[in-house]
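The values are calculated or read from the model by the stated rules, or taken from the named source; none is laboratory data. This structure is a prediction, so every number in the text was calculated from the model and none was measured. Cβ placement follows ideal geometry from the backbone for every residue including glycine, while neighbour counts extend to all protein chains displayed.
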Amino acid sequence: MIYKSKLISRIFTLILAFVFISPIIWVVMASFKTTAQLETYPPSIFTWPPVISGFINIFTSMNFLGIIGNTLFVATVSTIITVFICLAGGYALSKGVFRSKDTLALLMIMTLFVGAQVIMVPLFFVIKDLHLLNSLWGLIIPAVFTPTGTFISLQYMKGIPNELLESANIDGANEWQIFTRIIIPLSTPLIAVLSIFSFTWRWNDFVLPLIVINNTKNYTIQMALGMYQGQYNISWDSIMAISAISLIVPIIIFLIFQKAFVRGLMAGGVKY
């Protein structure tokens, strides 16, 4: 009976995994087709011989390597700053001792219910007043603080024993030393979770670059996708090629942080 239940569970897991991975497989296969082949009905998954016209087009019609570099720069720098701010905010709200700490935490949590579309217009004027339009820093600075990441950090750090921090304080460590030498090393799974979420979000972001960037030199990879979608003509082979390339980096990032990411999720499930 136990063996049968394990077998059913594994079969269900494999089916579920295939359902989730099938769109990725289709995008990769579609990137080796022409637009005419993609528009045929009924559609086919495999086409032989594979065609690389979409990849040739994106590398010859624009500075695609520069676009990848822009996206990597924005996603990497944003992730580093965001992770640090979220860790610092979570540490202050969970272990700090100051007046109205709970009220501040509640206000921070309430911002989770505010949609990004609500603040787009005021955010644009803030970016404009800071003279960050058409700048990659205009994509980085406005989004470095995320209430979601701070809330996750807050909940995670509640599980770190206060006695450990008090002992360090008695030994003469200041708040900065406690944060950098104790909190950050103990938060490796949390850092992995925040890094994956933040990097993926910045890498796939389209709305913010759309309102900040209008110079092709500073385009990100998601904006490059829009270049091949015209009013009367859609270059599907180029769109599929860009989509396939855009999948590579997030997958690599996830594989690098996979073990720590799973530990972070398990730790969160046990503690909270």
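Exactly one residue among PHE64, PHE84 is of a type in the set (Phe, Trp, Tyr), surrounded by 13 or more Cβ atoms within 10 Å (Cβ to Cβ), within 30 Å of SER195 (Cα to Cα) and in contact (Cβ under 8 Å) with a residue 24 or more places away in the chain, and that residue is PHE64.
Return yes or no: is LEU139 crowded, with 16+ Cβ neighbours inside 10 Å, at pLDDT 85 or above and more than 13 Å from VAL83 (Cα to Cα)? It is true that LEU139 is crowded, with 16+ Cβ neighbours inside 10 Å, at pLDDT 85 or above and more than 13 Å from VAL83 (Cα to Cα). The conditions of being buried (at least 17 other Cβ atoms within 10 Å of the Cβ) and either of a type in the set (Phe, Trp, Tyr) or at negative phi (or both) are not met by GLY69. Is there a residue in the range 237-253 that is in a loop (DSSP other than H, G, I, E, B) and either touching a helix residue (DSSP H, G or I) at 6+ places or on another chain (Cβ under 8 Å) or at pLDDT below 80 (or both)? No, the range 237-253 contains no residue that is in a loop (DSSP other than H, G, I, E, B) and either touching a helix residue (DSSP H, G or I) at 6+ places or on another chain (Cβ under 8 Å) or at pLDDT below 80 (or both). Among the residues of the range 152-170, at least one is in a helix (DSSP H, G or I), within 27 Å of PRO122 (Cβ to Cβ) and among the hydroxyl-bearing types (Ser, Thr, Tyr). Name the pairs whose Cβ atoms lie under 6 Å apart, with the first residue in the range 129-157 and free of Cβ contacts under 8 Å to residues at least 40 places away in the same chain, the second among the hydroxyl-bearing types (Ser, Thr, Tyr), and 6 or more positions between them or separate chains? If the second residue must be among the hydroxyl-bearing types (Ser, Thr, Tyr), the pairs left are PRO147/THR111. The residues of the range 134-151 that are touching a Ser or Thr at 6+ places or on another chain (Cβ under 8 Å) and part of a helix (DSSP H, G or I), listed by number, are LEU139, ILE140, ALA143, PRO147, GLY149. Conditions: (1) modelled with pLDDT under 85; (2) surrounded by fewer than 22 Cβ atoms within 10 Å (Cβ to Cβ); (3) of a type in the set (A, V, I, L, M). ALA224 meets all but one. Number of the miss? Going through the list (1) modelled with pLDDT under 85; (2) surrounded by fewer than 22 Cβ atoms within 10 Å (Cβ to Cβ); (3) of a type in the set (A, V, I, L, M), ALA224 breaks only (2). For PHE55, state whether it is over 25 Å from ILE68 (Cα atoms), assigned to a helix (DSSP H, G or I) and at pLDDT 75 or above. Judged against the criteria, PHE55 is not a match. Here ILE109 meets the list (1) part of a helix (DSSP H, G or I); (2) at pLDDT 85 or above; (3) over 19 Å from the mean Cα position of the chain (by Cα); (4) within 30 Å of VAL212 (Cα to Cα) almost entirely, failing just condition (2).
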